[in-house]
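The values are calculated or read from the model by the stated rules, or taken from the named source; none is laboratory data. All values reported here derive from a predicted model rather than from experimental measurement. When we count neighbours, we look across all protein chains shown, and the Cβ atoms used for this are built from the backbone with ideal geometry, even at glycine.
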């Protein structure tokens, strides 16, 4: 087993589960009442007063490390690394005692052969048929068979599926497929050497931007598009999301980053953190949606306004 510095282990144990979920799995966190939360994956797993307990399994703990080991069944060294990467804990594992880190196994659910509900849902959110067909034909968008969720898949540089976000087609459900690695979020990039990157909080916002570009007569595939699977309120002023770090490392020709994050406190804070963290190396442009909370809401507002103008006066 890889050697772990005692300081790193202590830092990892100090991360509580509620903070971990807010930072890394915000779509998996559900507010129950008061200061009690549960997870979207396991509604019997309750989090309260710095502790958590999974009632259906009879196990619990006091830290995010306990959760990753007992619930996610992630080995201790990898769990420590995950928490360290999230909290940016500084520690080193001696080179001679490390082992090659194996990618997390993404447990893709059984898929629907004819993704009718996924198409209908995306159309109801204003996404154009051309953008939807692109996502389906390029194995970026799927529909799960059991619950008919829309699934947005992210790939690594070798074309392996490493991340998958889920969105309910008949409910407000949001989640992630077990084994998802936030370093590889949902993205579209046709060019092997893109110069500009457009950044979004969620896959639906990315697709909404592509639709808006299509409506405006512009080719939305000329630049790289990346979603972050949500953002969180950072305690420091220069936090750069891991998905963005990974994407930039794999696309060294990018010079300009366009931030299309949400018009709320968390989104504005995340944009500021990215600008502070990358402003010395990239041209970072803060371009939030012109109307609404997010890019999809802006798209829907535009569609509604267009329809009103098309209605003839009586």
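Regarding residue 272, is this residue without any contact (Cβ under 8 Å) to a residue 40 or more places away in the chain and under 20 Å from residue 208 (Cα atoms)? Here the answer is no, as residue 272 does not meet what is asked.
Mind checking whether some residue in region 172-181 is free of Cβ contacts under 8 Å to residues at least 12 places away in the same chain and in the same structural domain as residue 121 (by TED's automatic domain parsing)? Yes; the residues of region 172-181 include at least one that is free of Cβ contacts under 8 Å to residues at least 12 places away in the same chain and in the same structural domain as residue 121 (by TED's automatic domain parsing). Screening 250, 230, 292 for residues that are at positive phi and either modelled with pLDDT of 90 or more or surrounded by fewer than 16 Cβ atoms within 10 Å (Cβ to Cβ) (or both) leaves exactly one candidate, 292. Put simply, of 133, 156 the only residue that is closer than 23 Å to residue 25 by Cα and modelled with pLDDT of 90 or more is 156. On the basis of being within 18 Å of residue 164 (Cβ to Cβ), touching a residue at least 40 places away in the same chain (Cβ under 8 Å) and not assigned by TED's automatic domain parsing to the domain that holds residue 170, does residue 122 make the cut? No. For residue 31, the stated conditions do not hold, so it cannot be described as outside the structural domain of residue 182 (by TED's automatic domain parsing), surrounded by fewer than 17 Cβ atoms within 10 Å (Cβ to Cβ) and not in a strand (DSSP E or B). In region 292-314, the residues that are within 22 Å of residue 199 (Cα to Cα) reach residues that are surrounded by fewer than 16 Cβ atoms within 10 Å (Cβ to Cβ) and modelled with pLDDT of 80 or more with C-beta atoms within less than 7 angstrom, at least six apart or across chains, in these pairs: 292/301; 293/264; 298/290; 298/291; 301/291. Of the set (1) part of a helix (DSSP H, G or I); (2) more than 24 Å from residue 185 (Cβ to Cβ), all apply to residue 52 but (1).
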